[in-house]
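Taking it in order: structure first as structure tokens, then the write-up.
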Amino acid sequence: MNLKAKDIIYILLVYLLITLLISFQKISIYLPIIFWLSTFIYLKKYFTKYITIKKIPYHFDKAFIISLAFTIIYFLSGFKLGFAPSPFKHNLFSLLKNIGIFLIPSLGLEIARYIFVYYNKNKPLALGLITVIITIIELNFSFIFLAKNILFKIICVQMIPLIIKNILFTYLAKRDEFFLTIILVIMDNITLIFGYFPNLDWFKEGTFLLLKYAFIYLAIRPINVTKSYPLLFLTCLIVLFMIGIFNYKPIAILSNSMSPCFKRSDIVIYKKLPSQDQLEKGTIIVFKKQDTIIIHRIYALNNDYILTKGDNNNQVDNFKITMDDILGIYQFHIKYLGYPSIWLYEYLNS
Amino acid sequence: MLKTPNIFIVIILIAVLFMAVGYSLFASDIELTGNAEITGNWNVLITDIEATDYSPNANPGTPTATATTANFAATLNAPSDYVTYRITIKNLGTIDAVLHTFNLTSDEYGTDAIKILNTESAQELKAGESTKVEITVLYDPFTTSNPIITTKNITGTIQYAQE
């Protein structure tokens with residue numbers, strides 16, 4: 001009996017049901033392990049037919065090295081940005097449990113994807129279907145009940161990379177890159193064994209994953225894609241600029257407190273980490289107060305604290321700041337470029 | 001040779017620009033402790049903060065929360081003034097969690113006459129469950145000083161680990 005593509009869909013739909021029941025705490029989180037181990041036993045007789053671990057193609061080395069390099073860079077970034085303790089336990093039992101909870105279902109999904117794609121390599125709709133189904137399986141829908149501003153960050157750090165990853169993995173399945181896919185899945189889960197993670201914010205974490213997938217994709221493309229490398233280089237520049245590698249950072253202006261110098265919807269570019277001798281009365285500084293970034297002009301300063309005031313405000317700000325609160329010094333602004341951020345802000349606060 | 005950039009790379013550029021729009025907007029960052037590569041099975045987040053009680057002359061301000069930090073600024077004008085905040089923490093993942101660290105930090109420009117009182121959050125937080133932490137900011141009723149600064153900015157950071 002041949003395994004049909006629709007059998008794979010049935011397997012995935014059953015697994016989707018299992019994940020939904022787990023989300024509502026109706027069943028044990030260990031059930032997926034039992035489900036996939038049983039499925040592996042059932043699919044074992046089809047392995048040799050559908051799973052072709054080819055002679056390793058030359059571009060596998062490139063893709064593997066890129067993935068390894070990104071993993072190393074990821075952990076090295078912790079020395080610059082700091083580390084945070086892993087939330088996972090690392091005794092042997094917990095390690096085996098986490099491998100079972102995370103790695104086994106991931107491998108099962110990739111085997112199911114590979115077999116389905118085997119039957120549908122030249123059917124774009126079918127490839128789209130399998131990508132969507134597996135993405136839905138891996139999404140955590142309990143986030144939809146969160147506040148919009150938190151949900152936005154979750155979308156950027158988990159959902160978008162998840163969608164891109166599934167597009168990439170479907171492409172790898174289409175190219176018969178089963179071995180590479182398994183290696184990438186294992187490397188994605190290798191962070192389970194480490195006690196500390198780099199303390200990246202949501203933007204760095206999300207864009208890091210996207211760039212990793214982009215470079216892996218370009219490494220295995222069979223044809224020359226010279227038009228894509230400049231675009232990818234531009235993407236890397238945007239990311240590096242946003243995180244402040246070049247010592248300058250942008251920020252969208254949400255109010256008119258500094259009008260007419262700059263106004264709501266402008267983008268201010270500021271230079272990071274000033275020294276105290278760069279500050280004087282009249283300097284426009286960027287500082288953090290509680291959970292807000294403010295850009296105002298220095299009204300008065302001494303060795304202990306600084307008073308600030310917005311050009312368009314009638315009064316001096318009713319707080320004092322110190323050098324520790326200051327993020328940078330205003331350099332210039334770009335008119336109207338912050339409108340997408342304004343629209344997003346208004347939507348998230350509606 | 002392709003004449004146009006590959007669509008996959010274009011999609012990634014659009015996704016990065018989308019994130020950049022939000023990044024230029026948000027002041028505070030979520031620290032998800034490196035679990036972004038895991039499929040969302042681990043997620044213990046601060047989901048809400050509100051001022052639940054305060055004395056007539058106190059001002060609770062507008063408390064805000066990100067996923068792992070809660071920020072609030074209470075203005076107290078006279079001894080015995082107080083504001084009580086309630087922080088909601090929810091385990092949205094599928095793995096049971098236990099409290100790892102719970103830190104409250106305040107700016108040094110608040111006066112010592114303002115005290116921070118809190119109840120510990122639940123030690124265990126099973127998947128799907130939520131817990132609440134109450135923090136009270138109190139102007140010491142026995143203080144004899146008359147501080148100029150009566151606003152205390154406080155940041156609470158809560159971290160859970162696998163049970």
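Would you check which residues across segment A:312-350 are touching a strand residue (DSSP E or B) at 6+ places or on another chain (Cβ under 6 Å) and either outside the structural domain of A:Phe262 (by TED's automatic domain parsing) or assigned to a loop (DSSP other than H, G, I, E, B) (or both) and list them? A:Val316, A:Asp317, A:Leu337, A:Gly338, listed by residue number. The residue of segment A:191-203 that is nearest to A:Leu103 (Cα to Cα), among those that are in a helix (DSSP H, G or I) and within 12 Å of chain B (Cβ to nearest Cβ), is A:Leu192. Of all residues in segment A:299-348, none satisfies the criterion of being within 20 Å of A:Glu280 (Cα to Cα) and touching a Gly at 6+ places or on another chain (Cβ under 7 Å). One residue is enough: does segment A:243-253 have a residue meeting the conditions modelled with pLDDT of 85 or more, open to solvent by 50 Å² or more (accessible area, probe 1.4 Å), within 33 Å of the chain's Cα centre (by Cα) and aromatic (Phe, Trp, Tyr)? Among the residues of segment A:243-253, at least one is modelled with pLDDT of 85 or more, open to solvent by 50 Å² or more (accessible area, probe 1.4 Å), within 33 Å of the chain's Cα centre (by Cα) and aromatic (Phe, Trp, Tyr), which makes the answer yes. When we screen A:Lys288, A:Lys263, A:Lys281, A:Lys309 for residues that are of a type in the set (D, E, K, R), in contact with a strand residue (DSSP E or B) (Cβ under 7 Å, 6 or more places away or on another chain) and farther than 30 Å from B:Ala74 by Cβ, the only hit is A:Lys281. State whether one or more residues within segment A:260-273 are small (Gly, Ala, Ser), assigned to a loop (DSSP other than H, G, I, E, B) and more than 31 Å from the chain's Cα centre (by Cα). Checked against the condition, which is being small (Gly, Ala, Ser), assigned to a loop (DSSP other than H, G, I, E, B) and more than 31 Å from the chain's Cα centre (by Cα), segment A:260-273 yields no hits at all.
Per-residue answers, yes or no, for (1) at the interface with another protein chain (Cβ under 10 Å from one of its Cβ atoms); (2) without any contact (Cβ under 8 Å) to a residue 24 or more places away in the chain; (3) assigned to a loop (DSSP other than H, G, I, E, B):
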site: A:Val239; (1), (2), (3): yes, no, no
site: A:Met242; (1), (2), (3): yes, no, no
site: A:Ile251; (1), (2), (3): yes, no, no
site: A:Leu254; (1), (2), (3): yes, no, yes
site: A:Ser257; (1), (2), (3): no, no, yes
site: A:Lys281; (1), (2), (3): no, yes, yes
site: A:Ile285; (1), (2), (3): no, no, no
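Among the residues of segment B:132-144, which ones are open to solvent by less than 20 Å² (accessible area, probe 1.4 Å) and either within 28 Å of A:Asn140 (Cβ to Cβ) or at pLDDT below 70 (or both)? Passing the criteria: only B:Val133. For B:Ala20, the conditions (1) modelled with pLDDT under 80; (2) surrounded by 20 or more Cβ atoms within 10 Å (Cβ to Cβ) all hold with the exception of (1). When each of B:Asn91, B:Asn57 is tested for being open to solvent by 60 Å² or more (accessible area, probe 1.4 Å), at pLDDT 80 or above and touching an Asp or Glu at 6+ places or on another chain (Cβ under 7 Å), the lone residue that passes is B:Asn57. Pairing each residue of segment A:322-350 that is within 20 Å of A:Tyr248 (Cβ to Cβ) with any residue that is in a helix (DSSP H, G or I), provided the two are 6+ apart or on different chains, yields C-beta distances under 8 Å for A:Met323/A:Gln276; A:Ile329/A:Gln278; A:Pro340/B:Val21; A:Ser341/B:Val21; A:Ser341/B:Gly22.
Filter segment A:90-118 down to the residues that are modelled with pLDDT under 85 and surrounded by 17 or more Cβ atoms within 10 Å (Cβ to Cβ) and list them by number. Once the filter is applied, which keeps residues that are modelled with pLDDT under 85 and surrounded by 17 or more Cβ atoms within 10 Å (Cβ to Cβ), segment A:90-118 yields A:Lys97, A:Asn98, A:Gly100, A:Ile101, A:Phe102. Checking segment A:310-319 against the condition returns a match, with at least one residue being within 13 Å of another protein chain (Cβ to nearest Cβ), open to solvent by less than 70 Å² (accessible area, probe 1.4 Å) and not acidic (Asp, Glu). Look at segment A:134-190 and say how many of its residues are small (Gly, Ala, Ser) and either outside any helix (DSSP H, G or I) or more than 9 Å from chain B (Cβ to nearest Cβ) (or both). Qualifying residue count for the region: 2.
The values are calculated or read from the model by the stated rules, or taken from the named source; none is laboratory data. All of these numbers come straight from a predicted model, not from anything done at the bench. Every residue, glycine as well, gets a Cβ built from its backbone with ideal geometry; the counts of neighbours run over all protein chains shown. Side chains included, ligands, DNA and RNA excluded: accessible areas come from the protein's heavy atoms. Shrake-Rupley method; radii C 1.70, N 1.55, O 1.52, S 1.80 Å.
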